[in-house]
1. Filter region 104-139 down to the residues that are farther than 26 Å from Thr89 by Cα and touching a helix residue (DSSP H, G or I) at 6+ places or on another chain (Cβ under 6 Å) and list them by number.
2. Every residue in region 32-71 that is surrounded by fewer than 12 Cβ atoms within 10 Å (Cβ to Cβ), over 15 Å from Leu11 (Cα atoms) and modelled with pLDDT of 85 or more, please.
3. For region 96-155, give me every one of the strands (runs of 3 or more DSSP E) that falls completely inside it and has 2 or more residues that are more than 14 Å from Ala75 (Cα to Cα).
4. Can you find even one residue in region 118-126 that is surrounded by 12 or more Cβ atoms within 10 Å (Cβ to Cβ), of a type in the set (A, V, I, L, M, F, W, C), at pLDDT below 95 and more than 23 Å from Val24 (Cβ to Cβ)?
5. Give me a count of the residues in region 12-29 that are at pLDDT 90 or above and either farther than 20 Å from Leu84 by Cβ or surrounded by fewer than 12 Cβ atoms within 10 Å (Cβ to Cβ) (or both).
Amino acid sequence: MPIGSLNHAVLYVSDLDRALDFYVELLGLTEFAREGPMVFLRPPSTDRHHDLALFGVGPQAVGDAGRRVGLFHLAIEVDTLDDLSETRTRLAEAGVLSGQADHGTSKSVFAADPDGNLLEILWPVPRHLWQEGDEQPATRPLDLERERAYFADLV
């Protein structure tokens, strides 16, 4: 079954208002609709109904720390390396930046939302610019300034 791209994701969150503030204020998503304990969000650049829905279930849903069945991470694309750099700065200033990586075919920064859900915010390298070996799974340290300089005249 061919998959195009992530259409949307739904997260159970313990505090809907806190989660909404995070995704709207920090990441710039816009609230599109509400239905009961659910809020539907999307980036300003899309006309899809929603890319992310937050379902408020209250604090009883918070489990023990560590691995549990459920979401591992959400991958959210940005349009440019400049957007990725700005996102990294905002996440760092908010104290939630947890890592960054060069995956060859994408450049990524990582953060956790208020409920500990891991987010990967990434810039996908245009396929025609992939280099030999980029398709092989690999995680290397990300030097975002070097990548911005390298890709500046290519994209």
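The values are calculated or read from the model by the stated rules, or taken from the named source; none is laboratory data. Predicted model, so just to flag it, every value in this text is computed and none were measured. Quick reminder, even Gly has a Cβ in these numbers, built from the backbone with ideal geometry, and neighbours come from all protein chains shown.
1. none
2. Within region 32-71, Pro44, Ser45 meet the criteria.
3. 97-102
4. yes
5. Looking only at that region, the number is 7.
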